[in-house]
Structures are given as C-alpha cells and as structure tokens.
Amino acid sequence: MAATILFAALALPSLAGAATPARIVYGSLVRRGPVTELRFIVQGRAPRLALSAHGTELWIDLAGTRVDIPPRPFFGRESAPVAMVRAMNRGAMGSRIVVEVSGRTDYAIARLPHEILLRLAPAGEVANLAAPILLRTSNQGVATPGNAAPLVRASRPVARASPIGSRPAAEMSSADPAFVRPPEPELSRAPLADNPLVMIDPGHGGYDPGTHSASGTDEKTLALEIARRVKSALEARGVRAELTRTGDYFVSLPQRTRLANQAGAKLFVSIHLNSSPDTATSGLEVFYLNNTTDRATIRLARMENQGVANGYGPVTDAGLNYILADLRQSYKATESAALARMIDAEAVADLDEHLGIKVHALGARKGPFYVLVGANMPAVLVECGFLTNPAEAARLASARYQQILADGIAGAIVHFLSADAAVGNL
Ligand SMILES: [Zn+2]
C-alpha cells in the first residue's frame, strides 16, 4: 500500500508535465455585414474540435484545454445571429465553448494551429460562408500530377478592415502580460492517425457513357480524369485513395460500394457530371442518400441509376423507395451530409479563388442515388458541373480546371477526416 502511494506521488509530477493543457487566452467578436466572426486564440496547440448541436446551441468541446477567458467573454456585445457565448472549464473533460444563436443560422468553423475561428450568419444570407477559413486551412505547395500547372495556394487572410456599417470589434485579452499574440502559420498537417482509405468512384464506364456535352465529350471520360486527379491530390496530402474503376469498362452500381466496403474505406466519393434541360444551368452540387420531392433531383437520379444492371433487380422508383426505407438506419446520413457540405463549399471556394470566376455552389442535397446504397461509410456523389452548359463543359474538359476542382475536393476530404474544419447550420 505504502509503495503504491509512493509510486503515485513520484509519477504525478511527470504526468502533469506531459499533459500541460492548451489554454484559450483571448477571444474576439467582429461583425462584418451579416457575418459574425468569433476567434479564440490558443496558447499551445489547438485541440481537435468536437462539435455537437443542441437546439439553438453549438457546443465546441475541447479536450485537454483550459479556458482563461471570462465565462461570458463578449458579455453585452453579442448581436444576431449570436445570442450568447459561454466558456466553461470542465475539469478532466477539458473545456467547452457554447455559442447560442437566434433564428436559423449557418456556421463554419476551423481549427488553425493556435486559433479556433468561427463564422456565423443568418441561414442562406452569405454564399459560401466557409470560403475564407477553408482556404486558410488548406495545404500550401501541394504537388500536382500530370500536365497540370502547379498551383501555389495563396493563403487569403480574412480582411482586417471592418466594412462601413459594421459594429466595432468587441475584444478582450488574457490577463497574462507575457502573452504574445501568435503568428498565423498554415496548418502543418500531421499524418491522420488511422491511415484512412478513401474510395473514389468515377461514374459510368464501358457501354454506359453517362451524359455528354454538345461537343460529344462523354461523362464517363471526364469522371475518370477528375477521379484520377482527386486520388493523386489525396495521396499528395498523405491520404490513401483507390478507384473503383481505372479504365473505360463497366462496373455495376452495387459493385462500386462493395469494393469500398471490402477495402475498409473510410469514405466513398462518387464523381459525376450533371445535365439539365436548361443549358444555362451551371454549378457544383453534392448529394447524399435520401428521398426527395425535388423534381430536378428525381430526374437526375433516374439518369444516374441506369447503371444498376444487376444486383438490386429492376430499377423502379418503388424498388428504390423500399431500399431507402430499409437502409435509413444504417446509412451514415449525418456524416454524409457534413462531407457533402464540405466538398461543395471548399471546391467552389478553390475554383473562385484560383480562376476568378463565380462557380455556383448549388449545395449539399438529398437524392435517391443507387450508387450510394449499401455503403458502410459516409458516402456522397459529386456532380462536378453541367455538361449541358457549353461554357461549363469547356471548363470541365480543361486540365487546370480539373486540377483545381480535384484539389478542392481532396482538401475538403482531408478537413473532414482530420476534423479540423466543419460547416453546418443550427
Ligand atoms: Zn453520372
């Protein structure tokens, strides 16, 4: 007994030394038009974010971290959509920041090396709310494969100037006089703990060409080109990736998720090109599996579902509804929706940033797509753009556009896997 106590007494100081907690020492709240931006500066390395939504509250749980800011750090300065911010220490549980909102609110959050950054806006008011912080957390100087021009990814700092009409910054500092505000280096990416595999699925193939552009380029060809680039872009970021098809041959839809399940993939990302009766329609949309009443989506899903051929029997809407009802319990809907939002936001932000054009972010949407049925992991279908829009079809065929798009998709996947950025709504 005495020996045990002695051992504990000797061991404790070194254990405590090894687990010196990170500290949140500074917070700021800045209004920029409809956007409220919250920043929390961390002394020590910022912890991973564990997010959860509770009604009108977003809880940000920070393991191994203390808050050294007041319990109501922005007391009296909060304004819609932010109703209240609370910071609390939870002993061995670390700490928690609670952001309470009023009304439907979109948010984007990122973990930088020494900072947690959160942007909030009334739902639907700010297109691509996440863009500034997703671009800041992307890797620099990623090697690019093939004949694409290498991209130097400029970090675009969030504008410092407050636009006219915005409120002045409400800031508070740590009482610690030794605290020096840290610089803002890019996030140096530690290898992901469990060496995850991502299965990339180039749509169609062989006798199933998918849709096509007016100039005659098939969806199956562009989907494979983009998928190959996504695979390389993931590998350049240290993430393993495989393709469900590597050439121009037919793979049935059930076989695609079966390959992902058998390989133990952590994510399934299917790559497609869109079509619309309206040749002016353009943009990028990302689907996750569910029923929908949206007629354009139902029409699109009918076209994409033609490659079933075997495995689930005849392709009928009734049959698909049955499968969806059956699978709703096991499909990772919440994670899939989060991944879809990340890909849509980051890919479009990258394209806008590098090409100086406005690509429509059509959003993360529900759709009854067979190819996502049966996936044991979060699974999404990326419609990269509309081949029926001549201008977008020409862009999608260019190596540079494909590469930026692939880098954006890969960046979003890495953010999702490393849990250092998230977008969502309350
Ligand atoms: Zn397709």
Would you check if there is a residue in region 266-277 being more than 15 Å from the ligand (Cβ to nearest atom) and surrounded by fewer than 23 Cβ atoms within 10 Å (Cβ to Cβ)?
yes
Region 206-227 residues that are within 23 Å of Gly408 (Cβ to Cβ) and of a type in the set (Ser, Thr, Tyr), paired with ones that are open to solvent by less than 20 Å² (accessible area, probe 1.4 Å) and in a strand (DSSP E or B) (beta carbon under 7 Å, 6 or more apart):
Thr211/Leu273
Among the residues listed as Asp218, Asp208, Asp201, Asp248, the single one being in the same structural domain as Glu304 (by TED's automatic domain parsing), within 16 Å of the ligand (Cβ to nearest atom) and more than 24 Å from Ile404 (Cα to Cα)
Asp208
Which condition number in (1) modelled with pLDDT of 90 or more; (2) open to solvent by 40 Å² or more (accessible area, probe 1.4 Å); (3) polar (S, T, N, Q) is the one that Thr388 fails?
(2)
Going through (1) at negative phi; (2) in contact with a helix residue (DSSP H, G or I) (Cβ under 9 Å, 6 or more places away or on another chain) one by one, Gly283 fails only at (1)
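A quick yes/no check of all residues on (1) hydroxyl-bearing (Ser, Thr, Tyr); (2) at pLDDT 95 or above; (3) open to solvent by less than 40 Å² (accessible area, probe 1.4 Å):
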| site | (1), (2), (3) |
| --- | --- |
| Arg229 | no, yes, yes |
| Val239 | no, no, yes |
| Gly247 | no, yes, yes |
| Arg302 | no, no, no |
Index of the failed condition, Asp68 passing every other in (1) charged (D, E, K, R); (2) within 20 Å of Arg90 (Cβ to Cβ); (3) out of contact with any strand residue (DSSP E or B) (no Cβ under 6 Å at 6 or more places or on another chain)
(3)
Read through the list (1) open to solvent by 10 Å² or more (accessible area, probe 1.4 Å); (2) more than 15 Å from the ligand (Cβ to nearest atom); (3) more than 17 Å from the chain's Cα centre (by Cα); (4) under 25 Å from Leu417 (Cα atoms), then give the number of the only condition that Ala260 fails.
(1)
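Going by the structure shown, is Leu243 at pLDDT below 95, touching a helix residue (DSSP H, G or I) at 6+ places or on another chain (Cβ under 9 Å) and more than 22 Å from Ala393 (Cβ to Cβ)?
Criteria not met by Leu243.
The values are calculated or read from the model by the stated rules, or taken from the named source; none is laboratory data. What you see is a predicted model; the values in this text were computed from it and never measured. Cβ: placed from backbone, ideal geometry, glycine included. Neighbour counts: every protein chain shown. The protein model used for the area step is the full one, side chains on, heavy atoms only, and it has no ligands, DNA or RNA in it. Shrake-Rupley method; radii C 1.70, N 1.55, O 1.52, S 1.80 Å.
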